[in-house]
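Following: one structure in structure tokens, then a few remarks.
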């Protein structure tokens with residue numbers, strides 16, 4: 001991996017869906033903005049944990065779910081995203097569901113933290 005980059009490449013996380021349709025059947029558009037903002041929020045969560053000195057994201061699934069849903073609600077309230085009618089709940093749950101979607105985001109957070117720790121060690 002290129003040590004000059006601030007975070008791992010999108011390809012490293014390509015198999016982990018960012019779209020909340022896979023967790024809560026939420027349909028938010030535009031999708032490109034949704035994915036970009038979700039990735040940024042995940043990086044923010046990772047940065048918070050990293051700055052606290054935690055190796056992992058400590059929030060419970062319930063708290064993490066609350067934070068993600070509040071984040072999406074705020075983006076809709078700010079006019080950044082538009083919420084369309086929810087998808088058939090079976091659609092997303094067949095693929096991931098909330099528990100596994102949140103687990104995928106925890107993995108993403110933990111990998112970012114590990115990447116930053118590795119960079120930090122290489123600099124010293």
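The values are calculated or read from the model by the stated rules, or taken from the named source; none is laboratory data. These numbers come from a predicted model, not from an experiment. Here the Cβ positions follow ideal geometry from the backbone for every residue, glycine too, while neighbour counts run over all protein chains shown.
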Picking from 43, 63, 29, 48, the residue that is out of contact with any helix residue (DSSP H, G or I) (no Cβ under 8 Å at 6 or more places or on another chain) and touching a residue at least 40 places away in the same chain (Cβ under 8 Å) would be 29
Checked against (1) at pLDDT below 90; (2) touching a strand residue (DSSP E or B) at 6+ places or on another chain (Cβ under 6 Å), residue 76 satisfies every condition except (1)
Residue 70: passes all of (1) at pLDDT 90 or above; (2) part of a loop (DSSP other than H, G, I, E, B) but (2)
The lone condition residue 120 fails out of (1) free of Cβ contacts under 8 Å to residues at least 60 places away in the same chain; (2) surrounded by 12 or more Cβ atoms within 10 Å (Cβ to Cβ); (3) more than 17 Å from residue 38 (Cβ to Cβ) is (2)
A careful count of residues in region 33-62 that are over 14 Å from the mean Cα position of the chain (by Cα) and either modelled with pLDDT of 95 or more or in a helix (DSSP H, G or I) (or both) gives 4
